[in-house]
Amino acid sequence: MWTQKDSFADLGKCLNWYQATEYVANLKTGGHSDWRLPMVFEYGMIYDNTIENNMAWDHHPNQLLGLSKQFADGAAYWYWSAEYHENDLADCCTRTAYFVTGRSFWRNLSNCINGGVRAVRDLN
């Protein structure tokens, strides 16, 4: 189960990885409080390369999202994942899912340009 609004649509601002982790841990929506950060492959379940919607937070005409209109308008362009591995680098890194191209990228944890998180929960 996915949240209808991502953090950008909900808060109107970008979140870095630390803020996104806290946001999900404290999220209470849809009658549930057991939300979590998804893995990148899970974002692949809602990315759809056959659609292009102008529903990002700035509605940029050349940055269309492969995301169904069942999700809320005002979305982030990319999302943080739970794929973080502790290392010796102070600000590194986790994988993100980019909903313009469907590709994943590594980003620094403090990065906060056009990104956010779309929380998921298990149905069990």
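FYI, it's all coordinate maths here, none of it is from the lab. This is a predicted model, so every value here is computed, not measured. Glycine gets a Cβ as well: all are built from the backbone with ideal geometry, and neighbour counts include every protein chain shown.
Listing for the model above:
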{"read-out": "Computed [θ] at 222 nm, helices only, for the chain once each DSSP H run of length n ≥ 4 contributes -39500 (n - 2.57)", "value": "-3500 deg cm²/dmol"}
{"read-out": "Nearest-20 debye value, the chain charge dipole, Cβ charges on Lys, Arg, Asp, Glu", "value": "200"}
{"read-out": "For the chain, built as a Gaussian network whose Cα springs stay under 10 Å, the top-fluctuating residue of Gly30, Gly44, Gly102", "value": "Gly30"}
{"read-out": "Placed amide H near Trp35: partners under 5 Å, 5+ positions off or other chain", "value": "none"}
{"read-out": "Overall dimensions of the chain by Cα: Rg and Dmax, Å", "value": "13.5, 41"}
{"read-out": "Segment 55-118-segment 5-19 distance, computed between alpha-carbon centres (Å)", "value": "10"}
